[in-house]
Amino acid sequence: MMFRTIVGFLIVLVGCSGNQQTSKGELQIENGPNQHLGSKSGLLIDNGINRGTSYTDSLGTDYNLRYIPITITNDSTIPVHLQIAFSKEYDYPAAYGDEKFRVFLLPKEWADTITITNSMFDELKNYIDRPLLNETIEPGEKCVVAIGTLYSRPTNCGVLPNALFLQNKGDLYHECDGLINQDKSTNSQLALGLKLDLCGRCTLIPCGQISYPERLD
């Protein structure tokens, strides 16, 4: 009797151990402020907590600046090419008039520190008009950036970046308004999206893709 009990316990243990294993390159997903979002892409996307400050441009216009630090890790055995791009401007929902907001990339410096220096502010205008990242991440390497939004102040419609994600994980945000209009030439398994908190609602926008420059088909 005791022998049968031990054998049964070992079978259950082995079965549980097998269920915990993931195929090579598959990424785990964790919910919370620091979300690890990925798929069998070879990328681990770690979205940090939202940060913010105010900004006044050279014309004296006041803005709210909100951004999140993001760490993208290549945990595969081959290089992964990363492309992130945003439109020059985005329209507010029709109910909020004809105002527009910007989404753009910020350098590693903005992700690494919460203390914004004068020199960082001075260089900010250079990044607002450069919404493109085009980089190859080698196996085991990390790419650290920040994604920011800029919108007029005062406003009754905030625009907060929330999470960069692979669009094949978009079902995590099934409650969001979908502004993603996927290009049919882009494999949805490789396309990137950005989750925004827009005017108090969850909204998704497309923002790039990944590829494998050295992978043989």
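The values are calculated or read from the model by the stated rules, or taken from the named source; none is laboratory data. Remember, predicted model here, so these are calculated numbers, not experimental data. Neighbour counts run over all protein chains shown; Cβ positions are idealised from the backbone, glycine included. We work out accessible area using only protein heavy atoms, side chains counted, and drop any ligands, DNA or RNA first. Shrake-Rupley method; radii C 1.70, N 1.55, O 1.52, S 1.80 Å.
Between LYS100 and ASP129, what length in nm is gained on full extension when 0.36 nm per residue of separation is reduced by their alpha carbon distance?
9.0 nm
Give the Cα extents of the range 97-146 along the principal axes, in whole Å, largest first.
45, 26, 16
Could you do me a favour and compute the accessible area per residue for the range 97-146, 1.4 Å probe, result in Å²?
I get 58 Å² per residue for this part.
Taking a probe of 1.4 angstrom, what is the accessible area of LYS88 in Å², to the nearest 10?
For LYS88, solvent-accessible area is about 150 Å².
Tally Lys and Arg at +1 and Asp and Glu at -1 over the other residues with C-beta under 12 Å from the C-beta of PHE104: what net charge comes out?
Net charge in that neighbourhood comes out at +3.
At 1.4 Å probe size, with the rest of the protein present, what percent of the exposed accessible area of the range 51-184 is carbon and sulfur atoms?
For the range 51-184, the apolar C and S fraction of the accessible surface comes to 46 percent.
So, taking all protein chains as they sit and a 1.4 Å probe, how much accessible area belongs to GLU141, in Å² rounded to tens?
The value for GLU141 is about 90 Å².
Modelling each spin label as a point 7 Å along the Cα-to-Cβ direction, I'd like the GLU89/ASN168 distance in nm, to one decimal.
3.7 nm
I want to verify the translational diffusion coefficient of the range 49-113 in µm²/s; compute it with Stokes-Einstein, Rh as the Kirkwood radius over Cα pairs, at 10 °C and 1.306 mPa s.
106 µm²/s
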